[in-house]
Amino acid sequence: MTERAAATDRVLIWDFDGTLGYRPGHWSGAVADALTDVLGPHEFGPAKISDEIRRGFPWHAPDVPHPVLGDPDAWWRQMAQVLATAIGRLGVDPAAAAAAAERVRPHYTDLTSWRLFPDAVPALGALSGLGWRHVLLSNHVPELPEIVTGLGLGPHLEAIVNSAATGYEKPHPQAFRLALERAGGPSTAWMIGDNPVADVAGAVSAGLRAILVRTRPADGSRHVVDLAELTDLVSG
């Protein structure tokens, strides 16, 4: 293998939400906005909503594949049921809860609600310059490719592997296998993400090396605060 071929056989597998980008307010913010659409001003703040949406999402049961939800509308129909139930637990009337649940999709996927971390694009560019290729592996909504493209990450990524399309949530080992397949079976690969379970432990269980970013580990494992620090770690 030539030196150039060896360089391009190196892949970084990236998480998206919390690693490269984020949505201020997260899911609870989108639900709060949807409730405002239906109820007008209301008493339900993000913290109270967050307490009710900690279960029922596909990534809350990563050991259960869901390929039947590969169609975006099917995925959101399932989520609407989960969200309507959660909103109902807040004490909202069932009809209003169902109406608000249907409004979450446009709020959550609104591109203007998403942001990139300032170090994301510089890090991707610098690592590409060193011969690393990039694949995105995320537990996310069906509209992830449009969000990523709209934020300007498209040119940096060779593939987007999205749980909403594949039916496999990290840390399920099949999620990582699919990412490696989309990357062409590279000889060297790292997983980079902010979740110590879904990203790091899942990757390690799948035979990958992993780096925790933005989140301080409880066990002293490998991590960085700023993505600019990745160059030394993956090159070492």
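The values are calculated or read from the model by the stated rules, or taken from the named source; none is laboratory data. Everything quoted here is computed from the prediction, not taken from an experiment. All Cβ positions, even for glycine, are placed from backbone atoms using ideal geometry, and neighbour counts span all protein chains on display. Heavy atoms of the whole protein, side chains included, go into the accessibility calculation; ligands, DNA and RNA do not. Shrake-Rupley method; radii C 1.70, N 1.55, O 1.52, S 1.80 Å.
If you check Leu136, Leu144 for being over 23 Å from Glu229 (Cα atoms), open to solvent by less than 40 Å² (accessible area, probe 1.4 Å), of a type in the set (A, V, I, L, M) and touching a helix residue (DSSP H, G or I) at 6+ places or on another chain (Cβ under 8 Å), only one passes: Leu144.
Look through region 58-72, keep the residues that are in contact with a Phe, Trp or Tyr (Cβ under 9 Å, 6 or more places away or on another chain) and assigned to a helix (DSSP H, G or I), and return whichever of them is most open to solvent (accessible area, probe 1.4 Å). It would help to see each step written out before you state the result.
Pass one, region 58-72, residues in contact with a Phe, Trp or Tyr (Cβ under 9 Å, 6 or more places away or on another chain): 58, 62, 65-67, 69.
Filter once more, so that each one left must be assigned to a helix (DSSP H, G or I): 58, 67, 69.
Details: Pro58: 16, Pro67: 81, Leu69: 28 Å².
So, considering only residues that are in contact with a Phe, Trp or Tyr (Cβ under 9 Å, 6 or more places away or on another chain) and assigned to a helix (DSSP H, G or I), the one most open to solvent (accessible area, probe 1.4 Å) is Pro67.
Out of all the residues in region 108-119, which are open to solvent by 40 Å² or more (accessible area, probe 1.4 Å) and part of a helix (DSSP H, G or I)? Residues satisfying the conditions are Leu111, Thr112. Whether any residue in region 160-175 is of a type in the set (Asp, Glu) and in a loop (DSSP other than H, G, I, E, B) is what I want to check. Within region 160-175 (the criterion being of a type in the set (Asp, Glu) and in a loop (DSSP other than H, G, I, E, B)), the answer is yes, since at least one residue qualifies.
Look at Val148 and say whether it is more than 17 Å from Ala203 (Cα to Cα) and either of a type outside the set (Asp, Glu) or part of a loop (DSSP other than H, G, I, E, B) (or both). When the stated conditions are applied, Val148 passes them. If you filter region 20-32 down to residues that are touching a Phe, Trp or Tyr at 6+ places or on another chain (Cβ under 8 Å) and not in a helix (DSSP H, G or I), you find that the one that is farthest from Arg177 (Cα to Cα) is Arg23. Considering region 216-227, the residues that are loosely packed, with under 13 Cβ neighbours inside 10 Å and of a type in the set (A, V, I, L, M, F, W, C) include one that is nearest to Met191 (Cα to Cα), namely Val225. I'd like to verify a number: residues in region 37-54 that are in a loop (DSSP other than H, G, I, E, B), in contact (Cβ under 8 Å) with a residue 24 or more places away in the chain and not aliphatic (A, V, I, L, M), how many? So the count comes out to 1.
With respect to (1) modelled with pLDDT of 95 or more; (2) farther than 29 Å from Leu151 by Cβ, the lone exception for Met1 is condition (1). Checking each residue in region 194-236 for being of a type outside the set (S, T, N, Q), in contact with a Lys or Arg (Cβ under 8 Å, 6 or more places away or on another chain), within 22 Å of Ala179 (Cα to Cα) and outside any helix (DSSP H, G or I) picks out Asp194, Ala206, Ala210, Ile211, Leu212, His223.
To keep it simple, each residue is scored yes or no on (1) without any contact (Cβ under 8 Å) to a residue 24 or more places away in the chain; (2) in a loop (DSSP other than H, G, I, E, B); (3) under 29 Å from Gly154 (Cβ atoms).
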| position | (1), (2), (3) |
| --- | --- |
| Ala74 | yes, no, yes |
| Gln81 | yes, no, no |
| Ala86 | no, no, no |
| Val92 | no, yes, no |
| Ala99 | no, no, no |
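Mind listing whichever residues of region 195-209 are open to solvent by less than 10 Å² (accessible area, probe 1.4 Å) and in contact with a strand residue (DSSP E or B) (Cβ under 6 Å, 6 or more places away or on another chain)?
Initial filter on region 195-209 (open to solvent by less than 10 Å² (accessible area, probe 1.4 Å)): 199, 202-203.
Hits for region 195-209 are Asp199, Ala203.
With the structure loaded, tell me whether Gly150 is more than 17 Å from Ala189 (Cβ to Cβ), touching a Leu at 6+ places or on another chain (Cβ under 8 Å) and either open to solvent by less than 30 Å² (accessible area, probe 1.4 Å) or at pLDDT 95 or above (or both) or whether it fails that test. For Gly150, the condition - more than 17 Å from Ala189 (Cβ to Cβ), touching a Leu at 6+ places or on another chain (Cβ under 8 Å) and either open to solvent by less than 30 Å² (accessible area, probe 1.4 Å) or at pLDDT 95 or above (or both) - is met.
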